[in-house]
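Enquirer: Structure provided below as structure tokens; questions to follow.
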């Protein structure tokens, strides 16, 4: 029984170390989302911070402010979904596919 406990403790320490590595890597991840056929692009970090916003100049001369705002939101949501997928991949690698409980300290 003690052998099993020791093995479980080592495994938990290994997972903790891999999670710390994954957290560091997540900090370097960036993903971009687009909307309007690429007229708006939003780039987010692995932690969900907006890093860049690109707006095609053709959208700036128009008077359709609502459309531009909608495209920014859509591009942000696209980027957020991509970041979430990349973060999940890193967490899965770190845990060896072990399913973590909801809210288990994920960065986003």
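We did not get these values from a lab; they are worked out from the coordinates using the rules stated. Everything quoted here is computed from the prediction, not taken from an experiment. All Cβ positions, even for glycine, are placed from backbone atoms using ideal geometry, and neighbour counts span all protein chains on display.
Enquirer: Given labels modelled 7 Å from the Cα in the Cβ direction, how far is it in nm from residue 14 to residue 86?
Expert: Taking the two extended label points, one gets 2.8 nm.
Enquirer: Based solely on its DSSP helices, what 222 nm [θ] is calculated for the chain when runs of n ≥ 4 H residues each add -39,500 (n - 2.57) and the sum is averaged over all residues, nearest 500 deg cm²/dmol?
Expert: Numbers: 2 runs with 56 residues, N = 108.
Helix-only estimate at 222 nm: -18500 deg cm²/dmol.
Enquirer: Helix 65-95: angle to the longest alpha-carbon principal axis of the chain, degrees 0 to 90, nearest 10?
Expert: Tilt of helix 65-95: around 20 degrees.
Enquirer: Rounding to the nearest 10 and keeping the result within 0 to 90°, find how far the Cα-based axis of helix 2-26 lies from the longest principal axis of the chain.
Expert: 20
Enquirer: Sticking with this structure for a sec: If I model a spin label as a point 7 Å beyond the Cα along the Cα-Cβ vector, how far apart are those points for residue 5 and residue 74 in nm?
Expert: A separation of 5.9 nm, rounded to one decimal place.
Enquirer: Determine, from the Cβ-Cβ distance of residue 49 and residue 24 and an R0 of 25 Å, the FRET efficiency 1/(1 + (r/R0)^6), rounded to the nearest 0.05. Don't jump to the answer; show the numbers that get you there.
Expert: Numbers: r = 16 Å, r/R0 = 0.63.
About 0.95, to the nearest 0.05.
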